[in-house]
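Down below is the structure, laid out as structure tokens.
The values are calculated or read from the model by the stated rules, or taken from the named source; none is laboratory data. Everything numeric here is computed off the predicted structure, so don't read it as measured data. Here the Cβ is made from the backbone with ideal geometry for all residues, glycine too, and neighbour counts use every protein chain on show.
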Amino acid sequence: MLEVMSAAPGYRNRAADGTYVPRPEERPITKFERRGERLGHGVWDLKFEKVD
């Protein structure tokens, strides 16, 4: 998804290094996310903004 969004015209990655952002405080942790973390899976957040 990072590769697709990075190549999408009209969008800019909000991460300073162009990869992932820390989990935003306004986003609640989901049941799916908790389960994934419990199973040892990584969780990464993307944050893009629309630009003109």
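Filtering the range 30-52 to residues that are exposed (fewer than 10 other Cβ atoms within 10 Å of the Cβ) and acidic (Asp, Glu) leaves Glu49, Asp52. If you go through the range 8-22 and keep only what is in contact with a strand residue (DSSP E or B) (Cβ under 9 Å, 6 or more places away or on another chain) and assigned to a loop (DSSP other than H, G, I, E, B), you end up with Ala8, Gly10, Arg14, Ala15, Thr19, Tyr20, Pro22. Residues considered: Glu26, Glu3. Of these, the only one that is surrounded by fewer than 10 Cβ atoms within 10 Å (Cβ to Cβ) and not in a loop (DSSP other than H, G, I, E, B) is Glu3.
Looking across the range 29-48 at every residue that is of a type in the set (Gly, Ala, Ser) and assigned to a loop (DSSP other than H, G, I, E, B), the one that is nearest to the chain's Cα centre (by Cα) is identified as Gly42. When you check Asp17 against the structure, is it surrounded by 11 or more Cβ atoms within 10 Å (Cβ to Cβ) and either at pLDDT 95 or above or touching a Cys at 6+ places or on another chain (Cβ under 6 Å) (or both), yes or no? Criteria not met by Asp17.
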